[in-house]
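Heads up, the thing below is written out as structure tokens.
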Amino acid sequence: MNPKHLLAAFLLVLGPTGAGAESPRPPEASYETRTKHDRDGIGKFYLGREIAKVMGHQAAGWLERPTRQQEERTDLLLQALELKPGMVVADIGAGSGYFSWRMAQKVGPTGKVYAEDIQQEMLDLLAAQMKKHQVAAIVEPLLGTVQDPKLPPDSTDLILLVDVYHELDFPFEMTRNMIKGLKPGGRLVLVEYRGEDPAVPIKLLHKMTAAQVKKEMALHPLTFDRVIDVLPQQHILIFRKTVAK
């Protein structure tokens, strides 16, 4: 056989499990589809949790509502992130950019903010907001997919998801790809409405318990750092990218 044909045949047999290929999703991270499900969910379940429907760009006005800072104490959240000038951070599911421009002001002109969303309409709104707040040079919009935020490898000090993780269609794949974008020791920060508290006036599928978040993050090379409970209705859960020894 021609050596080139022999090599091609070998690669075909080797397939996706060959050198350099990504390891498959572990069995415990499987997805289940059910016909009977919550009206606010997509009928897809992951580790016992139904994934919530994504908020469309048509509802972007809710993200920019004047009462948001007081209701959610977004100022306290930004303080808890401990952002410093020169840091590279990512706002995943950035929407209209509510947090993107505020983070840009913290990291300054020597820093960078990757503002990711899967809806181009959201990124269009975001671009206008960045221009309005004069941080367009600091913020780079990224059009991601439901499985990959398209972050440059090992590029970010911190990744922030505010009320986003529970809507991810592919939470395992998305988290795996977010981690690839983190520098070793970098922080993955999930902000979610407290599922433990029935008094929090948010639909059930749009809340998560700290235990559920930890359970899902345990499948990844992450080290749990801490939970910060300074917000009126949300957890701030911080994980760090495990440093290989």
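The figures follow:
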| read-out | value |
| --- | --- |
| Some residue of the stretch 170-188 being of a type in the set (Asp, Glu) and under 19 Å from Arg73 (Cα atoms) | no |
| Of all residues making up the stretch 109-123, the number that are loosely packed, with under 15 Cβ neighbours inside 10 Å and not hydroxyl-bearing (Ser, Thr, Tyr) | 3 |
| Subset of the stretch 181-210 [of a type in the set (D, E, K, R), surrounded by fewer than 18 Cβ atoms within 10 Å (Cβ to Cβ) and farther than 13 Å from Ala52 by Cα] | Lys183, Glu196, Asp197 |
| Cβ-Cβ under 6 Å pairs, at least 6 apart or on other chains, the stretch 70-96 side touching a residue at least 12 places away in the same chain (Cβ under 8 Å) and more than 17 Å from Leu151 (Cβ to Cβ), far side part of a loop (DSSP other than H, G, I, E, B) and among the charged types (D, E, K, R) | Ser96/Glu64 |
| Selection within the stretch 1-25 - at pLDDT 50 or above and over 30 Å from Lys203 (Cα atoms) | Gly20, Ala21, Glu22, Ser23, Pro24 |
| Residue count, the stretch 45-74 (criterion: under 18 Å from the mean Cα position of the chain (by Cα) and of a type in the set (D, E, K, R)) | 3 |
| Among the candidates Gly93, Gly61, residue that is closer than 21 Å to Tyr193 by Cβ, of a type in the set (Gly, Ala, Ser) and at pLDDT 95 or above | Gly93 |
| Pair list, Cβ under 7 Å, 6 or more apart: the stretch 28-47 residue free of Cβ contacts under 8 Å to residues at least 12 places away in the same chain, other residue in a loop (DSSP other than H, G, I, E, B) and not acidic (Asp, Glu) | Gly43/Arg34; Gly43/Thr35; Gly43/His37 |
| Any chance Ser100 is surrounded by 20 or more Cβ atoms within 10 Å (Cβ to Cβ) and modelled with pLDDT under 95 | no |
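The values are calculated or read from the model by the stated rules, or taken from the named source; none is laboratory data. Every value quoted in this text rests on a predicted model; they were computed, and no experiment measured them. Every residue, glycine among them, receives a Cβ derived from its backbone with ideal geometry; neighbour counts consider all protein chains shown.
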